[in-house]
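First the structure, in the form of C-alpha cells, and then the observations on it.
The values are calculated or read from the model by the stated rules, or taken from the named source; none is laboratory data. Quick caveat, the model's predicted, so the values are computed rather than measured. Cβ atoms come from the backbone with ideal geometry, glycine included; neighbour counts cover every protein chain shown. Surface areas here come from the heavy atoms of the whole protein model, side chains and all, with no ligands, DNA or RNA. Shrake-Rupley method; radii C 1.70, N 1.55, O 1.52, S 1.80 Å.
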Amino acid sequence: MMNAFNISRLPRILFGPGTVQQLPGLAARYGKHVLLVTGRSAIRDSRIWTELLCGLEAHGMTWEDVKVETEPSPYLVDTEVTRLQDCAIDVVVGIGGGSALDAAKAIAGLLRPGNSVMDHLEGVGPERPYSGPATPFIAVPTTAGTGSEATKNAVLSLHGEHGFKKSFRDESLIAEYAVVDPDLLASCPAPVIAANGMDALTQLLESFVSTKANPFTDALALDGLRITRDSLLVWYRQGASAADARSGMAYAALLSGITLAQVGLGSVHGLAAPLGAFFPIPHGVACGTLVAAATQINIQALKQRTPAGVALRKYAQLGRLLGNDETLDDLAAHDTLIEILDKWTREMDLPRLNHYGVCVDDLSRIVTNSRGSSMKTNPILLTDDEIETVLRMRL
Ligand SMILES: [Zn+2]
C-alpha cells in the first residue's frame, strides 16, 4: 500500500559538461540587469568567468556583483539587499558552493520586498510568513555537495557562543534554473571533494530513511547513493583526471538537493546546525564526520524500540547497496553499512570534532540545540544520551 505524497516544484535543470555556456542566454530571458553572486573561489580568475561576462555583454546585459567569503550571515544578506535597493536587478545568478548559492537565494528572495531576512528565519525572530515576490534566481554549483541548486531554503549562520544556523525557507525561493556543469568542478581540491561528497551522501541517506520519505524520493535517493558508491572515492583519489566520477558526484549532489527539499533530513543535519554555529566547522565536514556514528546509533535505537519498523529494512537495503552485495541478510547489511561509512570517513580523512575545538563540556549545549527541523524527520526520536553518544564517538 502506497501512502499519499506531494512533490513540490523543482527548478528547470540543465545538466552536463559545457551547459554553463547557456547561462547568459538564460539570464537574458529575465531582463537586462543581473546580480552575480560568487564564492571566494577561483572562478573569477578562470576562463569561464571571462566567457560569462563576454556572453552577458553580447546579450546587452549589465551586472552588479557580490563576493561571499564565508558561510553567509543574515547581516550579509540585509547589507546587500539594502545596497542593491535602487539597482533594479532583473535576475540573480549564484555561482559557487553552498555558501554562494544560499546567499544568492536569500538576496533574490528579499531584493524586491526589501525587508530583513531576520523576519523570516526559522526558529529565531518573529518567523513572519514570506509572501515575496522573489527575483528570478539561477543556481550554478561549483562543488558537488549541498544540493542548494535544487532546494527551497537558504541556510544562514551567525557564528559564536550565541550563534545559530537557520533556514529562510519558501517554495518561491527555488531557482528558476539549476545549471549543473561538471566541468566547473574540475579544480575541486581533495578535502572539498571529501566534505561535500559526504554531505551529498548524508543527504541522500537521511532523506531515504526520513519519516516523510516517499517512493519518488526513494528512487532518486537510491540512484544517488549507487552513483556515490561508484564515484566518490574514485574522484577523491584521482582528482581532475576522473571526469566520469566527477560528473557522477555532480548528479548525486543534485539528487540529494531534490530529495532533501521534498522529505527533509535527520540527526546528522540536526547536529550539523549547532556545530556549525558554535564552531568553525564547515557543513560538509560536520556531516561527513558524524554520518557513520549517527547511522550506528539510529540502527541501535531502532533495534531496541521499533524492531519491526520500515526504517531498519531501509538501512539494510542501503547496506546491500553500498556493500554491492544483494545476498546480505538484514543484520549483516546493517553492519556492512556502518563499516563502509566508517571506512570512507577514515580513508578521506574527515577531521574529528576536537580538531575544531569541540570538547566534552560543549556536548550538552550542542545536544540542546540539535532538535531543529532536520531532527524532526529522523527515523526514530533519539534521546539526549543517544545524541550525545554520536558526538562522543567523533570527539
Ligand atoms: Zn547537508
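A Förster distance of 41 Å, applied to the separation of the beta-carbon atoms of D325 and T50, puts the FRET efficiency at 0.25. Would you tally the net charge around A316, using a Cβ to Cβ cut-off of less than 13 Å, leaving A316 out, and scoring K and R as +1, D and E as -1? So the surrounding residues net to -1. Of the Cα atoms belonging to the chain, the radius of gyration and Dmax stand at 20.3, 64 Å. Among P280, P141, P189, the residue with the largest mean-square fluctuation in a Gaussian network model of the chain, with springs joining Cα atoms closer than 10 Å, is P189.
Residue separation of K67 and A332 scaled by 0.36 nm, minus their Cα-Cα distance, works out to 90.6 nm of gained length. On the principal axes of its alpha carbon atoms, the range 328-387 extends 39, 29, 19 Å, with the longest extent given first. Once all protein chains are placed together, M249 keeps about 0 Å² accessible to a 1.4 angstrom probe. The residues of the range 133-270 expose on average 28 square angstrom of accessible surface per residue, using a 1.4 Å probe on protein heavy atoms. Where both bridge residues fall in the chain, DSSP classifies roughly 20% of the beta bridges as antiparallel. Applying the criteria of a DSSP loop state and at most 16 other Cβ atoms within 10 Å to the chymotrypsin sites (Phe, Trp or Tyr not before Pro) of the range 1-89 yields F5. Dividing the radius of gyration of the alpha carbons in the range 75-230 by their Kirkwood radius gives 0.98 for Rg/Rh. Using C-alpha pairs under 8 Å with a sequence gap of at least 6, the mean separation divided by the residue count of the chain gives a relative contact order of 15 percent. How large, in percent, is the carbon and sulfur part of the accessible surface of the range 44-93 at a probe radius of 1.4 Å? The computed percentage sits at 52. Sum up the charges of everything whose Cβ sits under 13 Å from the Cβ of G224, counting Lys and Arg as +1 and Asp and Glu as -1, but leave G224 out. In short, -3. Helices that extend 27 Å or more along their long axis by alpha-carbon positions and average at least -1.0 on the Kyte-Doolittle scale are, among the DSSP H runs of the chain, 190-209, 215-238, 243-263, 283-305. A Förster radius of 51 Å, combined with the Cβ-Cβ distance separating H162 from D342, puts the computed FRET efficiency at roughly 0.90.
Only Cα pairs under 8 Å and 6+ residues apart enter the sum, and on that basis the relative contact order of the range 76-144 stands at 41 percent.
The range 72-98 and the range 200-225 have Cα centres lying 31 Å from one another.
Solvent-accessible area per residue in the range 1-94 equals 56 Å², computed with a 1.4 angstrom probe and all protein chains kept. A 1.4 Å probe run over the protein chains yields, for the range 310-379, 51 Å² of accessible area per residue, whole-number rounding.
Applying the criteria of a DSSP loop state and at most 14 other Cβ atoms within 10 Å to the trypsin sites (Lys or Arg not before Pro) of the range 27-75 yields R29, R40. Spin-label model, I7 to K212: label points 7 Å out along the Cα-to-beta-carbon direction sit 1.6 nm apart.
Based on Cα contacts under 8 Å between residues 6+ apart, the range 61-176 shows a relative contact order of 29 percent.
Hey, any idea what % of the range 305-385's accessible area is carbon plus sulfur with a 1.4 Å probe? With neighbouring chains kept in place, the figure for the range 305-385 is 51 percent. Among G323, L260, S241, which residue has its Cα furthest toward the positive end of the charge dipole of the range 222-330, with +1 on Lys/Arg Cβ and -1 on Asp/Glu Cβ? Result: L260.
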